Amino acid sequence: MIDLDMLQLQAVKTGLGINYLAKEEKISQLLTQLHELFSDTVVLKGGTAVNRVFLQPHNRGRFSEAIDLDYRTGQTLQQKMNQIQTTMKKNQ
């Protein structure tokens, strides 16, 4: 987790609010954890994906409120839900 001093420095450098920067840091941590747990079966999509892959690298980031994911396997919805629950329980 990024500390308050670092958030304040980033806020001054970027002109963005501390709350926004803290939220973005948490989203980054969550996406990293999801990748570690589910590897190639979870795909980021939607506005957050566009923002992180195409816009932020060119300093044209946008505010994003949701994380849209697809869990891509050949399983039924119930099987997917069971697999997600099992994986999450193993990694608590």
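A few comments on the model shown:
- Residue list for segment 36-92, filter: part of a loop (DSSP other than H, G, I, E, B) and of a type in the set (Ser, Thr, Tyr): Ser64, Thr73, Thr76
- Per the listing Arg72, Arg52, Arg62, the residue uniquely of a type outside the set (Val, Ile, Thr), in contact with a Gly (Cβ under 8 Å, 6 or more places away or on another chain) and surrounded by 10 or more Cβ atoms within 10 Å (Cβ to Cβ) is Arg62.
- In segment 66-89, the residues that are at pLDDT below 90 and small (Gly, Ala, Ser) form Cβ pairs under 8 Å with partners that are surrounded by 11 or more Cβ atoms within 10 Å (Cβ to Cβ) and not in a strand (DSSP E or B), at six or more places apart or across chains, as follows: Ala66/Gly46; Ala66/Gly47; Ala66/Thr48.
- Residues of segment 1-25 satisfying the condition of being under 30 Å from Ile84 (Cα atoms) and surrounded by 12 or more Cβ atoms within 10 Å (Cβ to Cβ): Ile2, Tyr20, Leu21, Ala22, Lys23, Glu24, Glu25
- Subset of segment 21-60 (residues that are at pLDDT 85 or above and of a type in the set (Val, Ile, Thr)): Ile27, Thr32, Thr41, Val42, Val43, Val50
The values are calculated or read from the model by the stated rules, or taken from the named source; none is laboratory data. What you see is a predicted model, and the numbers here were worked out from it, not measured in a lab. Please note: Cβ atoms are built from the backbone with ideal geometry, for glycine as well, and neighbour counts cover all protein chains shown.
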